[in-house]
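Colleague: Structure in structure tokens, see below.
The values are calculated or read from the model by the stated rules, or taken from the named source; none is laboratory data. Keep in mind the model is a prediction, meaning the values are calculated, not measured. Reconstructed Cβ throughout: ideal geometry from the backbone, glycine too, with neighbour counts over all protein chains shown. These accessible areas exclude ligands, DNA and RNA; they are computed on the full protein's heavy atoms, side chains included. Shrake-Rupley method; radii C 1.70, N 1.55, O 1.52, S 1.80 Å.
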Amino acid sequence: QFATKVVSCRAAELRPEGGGEPVRGFQPDDRGLIGDVPVLRVTRRGPEAVHFVQAALEPGTEVLLSLDWERRFDHMQQHSGQHLITAIAEQMFGFKTTSWELGRQRSVIELDTPSMTAEQIEALERSVNEKIRARVPVVVRELAADDPEIETVRSRGLPDDHAGPVRVVDIEGVDSNMCCGTHVSNLSDLQVIKLLGTEKGKKNKTNLVFLAGNRVLKSIEQSHSTEKALTSLLKNGPGEHVEAVKRLQSSVKLLQKNNLNLLRDIAVLIARDFKSKPVQSQLFVLHRKEGDSEFMNIIANEIGTEETLLFLTVGDEKEAGLFLLAGPAEAVENLGPRVAELLGGKGAGKRGRFQGKATKMSRRGDVQALLQEFVSSRSPEA
């Protein structure tokens, strides 16, 4: 990566990352091209924007700077939306904004209140959208640092390295706010704001989640696609989706319970079949695709591990799964870590049992060969 300061260029500048609002916040930087070189990141050093690019640029060269407008406009909509919500929330309910986050998919405003009622959220959403429909102008002004009007503008103070005029964003008749971010020129450019509800914030704070502009349209498109897919899968209308899913969940729970009972019965039968043989092998190996840790432990309990070494696995043979090595404590303590290593997994054990997860179930044969060699070496006939 190379860092460069654009000295001579045509077209709009790329905005660096940073905040600058009267509340703690952060607007992501712009993206684009300098000539045909992609800009990876833009940061601020004092009054200058520093662009990180993929290839070096010749100093002093005049270049055409291209802006990723879709990204910029999205940030403008979310940031201006935050200013509007912040101002109206304070006017209507006295809820001050203490910080905010412009996320990739949704944005969050931290309000200085322990909670918000559903009625307050609905009233706030209605009010901000009324301002959008009223096509209220948004004006950006630059004031001298010693201008007395600055004292009337909401602000948390200027950065220590600030130089030059002070930038103020005015939403006509609604808010006057010191800010270095990018904004729309009219609230109608926000199209619509949707408040998605609240989440518990820091001590005595509430996080208000929102979407503005094109993000609302994208959310509706995604929800509609999901609704169409569910309609096809569930074979009923959108209004019946919830009840259909509840019925399916109940059926799945019942099936899981029945399946667990059957697995337990199978585990007992497997163990009894092994014990019923006239001559019992010193090594018992079993793999079953369907099963869990309880299934393996039932078999180990039923067979007994004082004399027999058991190697049990469950899961897809070509993927990941679970394993259990059970038997005489000394043997298991010695072989357990080696079995886990062969299976590409991790495990732990005590009192004659070592179990864990395996990522290479296809190497079960290698484990079986290791265990067979161990058993043979300890056989009296060896």
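Colleague: K289: accessible area at probe 1.4 Å, nearest 10 Å²?
Modeller: Approximately 130 Å² for this residue.
Colleague: Let me ask something else about it. Using Cα pairs under 8 angstrom and six or more residues apart, how large is the relative contact order of the stretch 193-314, in percent? Display every interim value, and only then the final one.
Modeller: Details: 90 pairs, mean separation 20.3, N = 122.
About 17 percent, as a whole number.
Colleague: In Å and on Cα atoms, what radius of gyration and Dmax does the stretch 254-378 show?
Modeller: Rg and Dmax of the stretch 254-378, Cα atoms, are 13.9, 48 Å.
Colleague: Leaving out ligands and nucleic acids, note down the accessible area per residue over the stretch 254-378 with a 1.4 angstrom probe, in whole Å². Can you show the working numbers first?
Modeller: Details: 7350 Å² over 125 residues.
Roughly 59 Å² per residue, with all protein chains present.
Colleague: Can you tell me the relative contact order of the chain? Whole percent, Cα pairs under 8 Å, sequence separation 6 or more.
Modeller: Values: 678 pairs, mean separation 42.6, N = 382.
Relative contact order for the chain comes out at 11 percent.
Colleague: Non-local amide H neighbours of A358 (under 5 Å, H modeled in plane, Pro and chain starts lacking H): which ones?
Modeller: Sorted by chain and number, the residues that satisfy this are G321, L322, F323.
Colleague: Take K228, K275 and sort them by solvent-accessible surface of the protein heavy atoms, 1.4 Å probe, largest at the top.
Modeller: Numbers: K228 130, K275 100 Å².
Sorted by accessible area, descending: K228, K275.
Colleague: At 37 °C and 0.692 mPa s, what whole-number value in µm²/s does Stokes-Einstein give for the translational diffusion of the stretch 71-232, with Rh from the Kirkwood sum over Cα pairs? Before the final figure, lay out each step's value.
Modeller: Values: Rh = 16.8 Å.
Estimated via Stokes-Einstein, D reaches 196 µm²/s.
Colleague: What whole-number value in Å² describes the accessible area per residue of the stretch 69-112 for a 1.4 Å probe? If you can, show how the numbers build up before the last one.
Modeller: On the way: 1810 Å² over 44 residues.
It amounts to 41 Å² per residue over the stretch 69-112.
Colleague: Got a number for carbon plus sulfur as a percent of the chain's accessible area, 1.4 Å probe? Don't jump to the answer; show the numbers that get you there.
Modeller: Numbers: 10910 of 21850 Å².
Looking at the chain in its full context, I get 50 percent from C and S.
Colleague: Show D30, D316 ordered by accessible area, largest first, where the area counts protein heavy atoms only and the probe is 1.4 Å. Walk me through the numbers before you get to the answer.
Modeller: Values: D30 0, D316 55 Å².
My answer, sorted largest first, is D316, D30.
Colleague: Using the Karplus curve 6.51 cos²θ - 1.76 cosθ + 1.60 with θ = phi - 60°, work out ³J(HN,Hα) for each residue of the stretch 95-111 in order, rounded to whole Hz, and write x for Gly and Pro.
Modeller: Computed from phi, the couplings for the stretch 95-111 are 7, 7, 8, 9, 6, 7, 9, 8, x, 6, 10, 8, 10, 9, 10, 8, 9 Hz.
Colleague: Top mean-square fluctuation among I298, I193, I121, Gaussian network model of the chain, C-alpha springs under 10 Å?
Modeller: I298
Colleague: What are the extents of the Cα atoms of the stretch 172-285 along their three principal axes, in Å, largest first?
Modeller: On the principal axes, the stretch 172-285 reaches 93, 40, 26 Å in Cα extent.
Colleague: So which GluC sites (Glu not before Pro) in the stretch 296-382 pass both tests, a DSSP loop state and at most 13 other Cβ atoms within 10 Å of the Cβ? The partial results should precede the final answer.
Modeller: Working: sites: E302, E306, E307, E317, E319, E330, E333, E341, E373, E381; in loops: E306, E307, E317, E319, E381.
Sparse-neighbourhood loop GluC sites (Glu not before Pro): E306, E307, E317, E319, E381.
Colleague: In addition: Looking at the chain, what % of the alpha carbon pairs are farther apart than 41 Å? Working shown, then result.
Modeller: Values: 35381 of 72771 pairs.
Every Cα pair in the chain considered, those over 41 Å come to 49 percent.
Colleague: Further question: Grab the Cα-Cα distance for S251 and R363, subtract it from 0.36 nm times how many residues apart they are, and report the gain in nm with one decimal.
Modeller: On the way: separation 112, 0.36 × 112 = 40.32 nm, distance 3.61 nm.
Length gained, S251 through R363: 36.7 nm.
Colleague: Once Lys and Arg get +1 and Asp and Glu get -1 on their Cβ, which of L324, T43, A244 lies farthest toward the positive end of the dipole of the chain?
Modeller: Result: L324, furthest along the dipole toward the positive end.
Colleague: Same structure, new question: Hey, what did the stretch 254-378 get for relative contact order, percent, Cα under 8 Å, at least 6 apart?
Modeller: On the way: 206 pairs, mean separation 24.8, N = 125.
Result for the stretch 254-378 is 20 percent.
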